[in-house]
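The values are calculated or read from the model by the stated rules, or taken from the named source; none is laboratory data. Please read these numbers as outputs of a predicted model, since none were measured by experiment. Please note: Cβ atoms are built from the backbone with ideal geometry, for glycine as well, and neighbour counts cover all protein chains shown. Ligands, DNA and RNA are stripped out before the accessible areas are found, and what is left, the full protein with its side chains, is counted by its heavy atoms. Shrake-Rupley method; radii C 1.70, N 1.55, O 1.52, S 1.80 Å.
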Amino acid sequence: MSTITVEAAQGSALESEMEEAPPGSFVVTLIIRRFIPELDEEPRWQDFDVRVLPTDRILDALHKIKWEQDGSLTFRRSCAHGICGSDAMRINGRNRLACKTLIKDLDPSQPIYVEAIKGLPLEKDLIVDMEPFFESYRQIQPFLQASGSPVRERTQTVAARERFDDTTKCILCAACTSSCPVFWTDGQYFGPAAIVNAHRFIFDDRDEAAQVRLDILNDKEGVWRCRTTFNCSEACPRGIEVTKAIAEVKQAVLRGRP
Amino acid sequence: MTATLDAPRSKPAPRRTNWEKWGWIYMRASGVVLVVLIFGHLFVNLYAGEGVKAIDFGFVAGKWASPFWQWYDAALLWLALIHGSNGMRTIVNDYSTGPRLNTWLKRAIFVSTVLLILLGTLVIFTFDPCPTGTAADLLPSFCAAR
């Protein structure tokens, strides 16, 4: 009698589990580098088991943890569609956007390591202080500087637009800069993202301040610190050829003009 | 926090000579020349003629008797040592975080490089296999005094 009751209870538990678990789903372990400044002296690794679909993204897994398991888990995300650049993080040792990294593209049979991007001050869990990153971005004057009043459209040939097309794709997620080994040890280095955004204006023929930007980047902490490690090109979630852009800026500095 | 720009369109203050830029150019230029010089060096010393078996005191003395090889080896010495020490400087900049350690390591690299270049250059251009006034048994077999 009692045995039957237990079996029935187990059966219903299994059914509810089956209802929650969509076909094809499986449990994956995420090991997240946690740091809560009020509680932790040092960052610590914490693991979470999450039921996911292979087509889920790391961001979905993080949401599940935050909403269902541990509300204190802190991370940034805004659009969740790979365009705002909020959720760059180090996933299995590589900088990626959590919203563009599918579980199936990693190895779900192994634990997935998630930590904040390196080189910028850690504030909480997966959040870093982006201010030093934006400071160097501001220093390269990332805005069009053209003389004359803008009474009509500033036209440009297709070829002239093509010249800097690649570097217009930057979303300022900091995946490149925080993957750069030079930036890790020398926080004064402008970093790939700032150089990419300088490239976007240096090679824009409507802009008239290329020389100013070339002077700014022809600095001790400018383009010459680049060691062509290609970490930045590999990290860029937008597929920008970052190292190539930096090399083009170097050539422009040597020529003295774009 | 508001974004502030201090005089955004002003030109940066003129700087002294930009060593980072010249360092970068030097590494590339010397690298290309070194490839040629080093392979020439290896070919002549290890392969041409009798090959590696020919290398001895007399072989080096014979090479440095010619101004061509003196200047060849001097160029190799200067280019390679400066190239190498500039690379070491870069590594120090990358890995030593403390400013004092950084300065001292770079000073050590600079001093050792200058010392090696001066010593090497001195040897290349003042090398005399048969110095006068030396005991005959210390001289190599090809010297006239022996």
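Ordered by packing density, taken as the mean number of other Cβ atoms within 10 Å over each peptide's residues, highest first, how do A:202-210, A:245-253 rank? Walk me through the intermediate numbers first.
Working: A:202-210: 19.1, A:245-253: 21.0.
Highest to lowest by the protection proxy: A:245-253, A:202-210.
Residue farthest toward the positive end of the dipole of the range B:22-138, with Cβ of Lys/Arg at +1 and Asp/Glu at -1: which of B:83, B:99, B:32?
Going by the charge dipole, the pick is B:99.
Which of the residues in the range A:120-139 lose at least 50 Å² of accessible area when you go from the chain alone to all protein chains together (probe 1.4 Å)?
A:138
Could you give each residue of the range A:71-78 its phi-based ³J(HN,Hα) in whole Hz, using Karplus coefficients 6.51, -1.76, 1.60 with θ = phi - 60°, and x for Gly or Pro?
x, 7, 4, 10, 7, 9, 7, 10
Just checking the output field for A:207-213: average partner chain Cβ neighbours within 10 Å of each residue's Cβ?
1
If you take the alpha carbon radius of gyration of chain B and divide it by 2.2 N^0.38 Å, what ratio comes out, to two decimals?
The reported ratio for this selection is 1.58.
Excluding residues fewer than 8 places away in the same chain, name every one of the aspartates and glutamates whose C-alpha is closer than 20 Å to that of residue A:64.
Qualifying aspartates and glutamates at Cα under 20 Å: A:17, A:19, A:20, A:47, A:49, A:56, A:87, A:105, A:107, A:115, A:125.
For the protein assembly as shown, what is the calculated [θ] at 222 nm in deg cm²/dmol (nearest 500), taking -39500 (n - 2.57) for each run of four or more DSSP H residues and dividing by its residue count?
When only DSSP H runs of four or more count, the value is -13500 deg cm²/dmol.
To the nearest 100 Å², how much accessible surface do chains A and B hide from each other in total, with a 1.4 Å probe?
Its buried surface, counting both partners, is about 1900 Å².
Hey, can you rank B:57-68, A:72-83, A:117-128, A:231-242 by average C-beta count inside 10 Å, highest first?
A:231-242, A:117-128, A:72-83, B:57-68
Taking amide hydrogens as modeled 1.01 Å from N in the peptide plane, which residues meet the under 5 Å criterion relative to residue A:34, leaving out close sequence neighbours?
Under 5 Å from the amide H of residue A:34 lie the amide H atoms of A:44, A:45, A:46, each far enough along the sequence or on another chain.
Can you compute 3J(HN,Hα) from phi for each residue in the range A:186-197, using the Karplus curve 6.51 cos²θ - 1.76 cosθ + 1.60 with θ = phi - 60°, rounded to whole Hz and x for Gly and Pro?
10, x, 7, 4, 3, x, x, 5, 5, 5, 4, 6
With only Lys, Arg, Asp and Glu charged, each at its Cβ (+1 for the first two, -1 for the last two), find how big the charge dipole of chain B is about the Cα centre; round to the nearest 20 debye.
Here chain B has a charge dipole of around 840 debye.
At a Förster distance of 22 Å, what's the computed FRET efficiency of residue B:100 paired with residue B:19, Cβ-Cβ distance as r, to 0.05? Please list the in-between numbers first.
Working: r = 21 Å, r/R0 = 0.94.
For residue B:100 and residue B:19, the calculated efficiency is 0.60.
Calculate, in nm to one decimal, what residue B:52 and residue B:134 gain on full extension: separation in residues at 0.36 nm each, minus their alpha carbon distance.
26.6 nm
Distance in nm between label sites at residue B:75 and residue A:27, each 7 Å beyond Cα in the beta-carbon direction?
7.0
Determine the sum of side-chain charges near residue B:41: Lys and Arg each +1, Asp and Glu each -1, restricted to other residues whose C-beta is under 14 angstrom from that of residue B:41.
Summing Lys/Arg as +1 and Asp/Glu as -1 gives 0.
Return the unpartnered cysteines for chain A, using a Cβ-Cβ cut-off of under 4.7 Å.
A:99, A:170, A:173, A:180, A:226, A:236
Placing +1 at every Lys and Arg Cβ and -1 at every Asp and Glu Cβ, with all other atoms neutral, what dipole size does chain A have around its Cα centre, in debye to the nearest 20? It would help to have the intermediate numbers written out before the result.
On the way: 33 positive and 39 negative charges, 282 e Å.
The calculated dipole for chain A is roughly 1360 debye.
What whole-number distance in Å separates the alpha-carbon centres of the range A:16-85 and the range B:23-41?
51
Taking every pair of alpha-carbon atoms in the range A:150-216, give the share separated by more than 15 Å as a whole percent.
In whole percent, the long-distance tail amounts to 60.
Can you tell me what the convex hull of the Cα atoms of the protein assembly as shown projects to on average, as an area in nm²?
The directionally averaged projection comes out at 36.2 nm².
Quick one: Debye curve from the C-alpha atoms of the range A:116-258, no solvent, what's log10 I(q)/I(0) at q = 0.09, 0.13, 0.19 Å⁻¹?
-0.27, -0.55, -1.09
Beyond 24 Å, what share of the Cα-Cα pairs of the range A:12-128 is found? Please give it as a whole percent. Working shown, then result.
Working: 1678 of 6786 pairs.
So the portion of pairs separated by more than 24 Å is 25 percent.
Averaged over its residues, how many other protein chain Cβ atoms are within 10 Å of peptide A:186-193's Cβ atoms?
1
In Å², what does the accessible area per residue of chain A work out to with a 1.4 Å probe? Provide the component values of the computation, followed by the final result.
Working: 12820 Å² over 258 residues.
In whole numbers, chain A has 50 Å² accessible per residue.
What does the structure give for B:20-29 when I average, per residue, the other chain Cβ atoms found within 10 Å of the residue Cβ?
That works out to 3 on average.
Short version: ³J(HN,Hα) in whole Hz for each residue of the range A:51-61, in order, from phi by Karplus 6.51 cos²θ - 1.76 cosθ + 1.60 (θ = phi - 60°), x for Gly and Pro, what are they?
Residue by residue, the range A:51-61 yields 8, 9, 9, x, 8, 5, 9, 4, 4, 4, 5 Hz.
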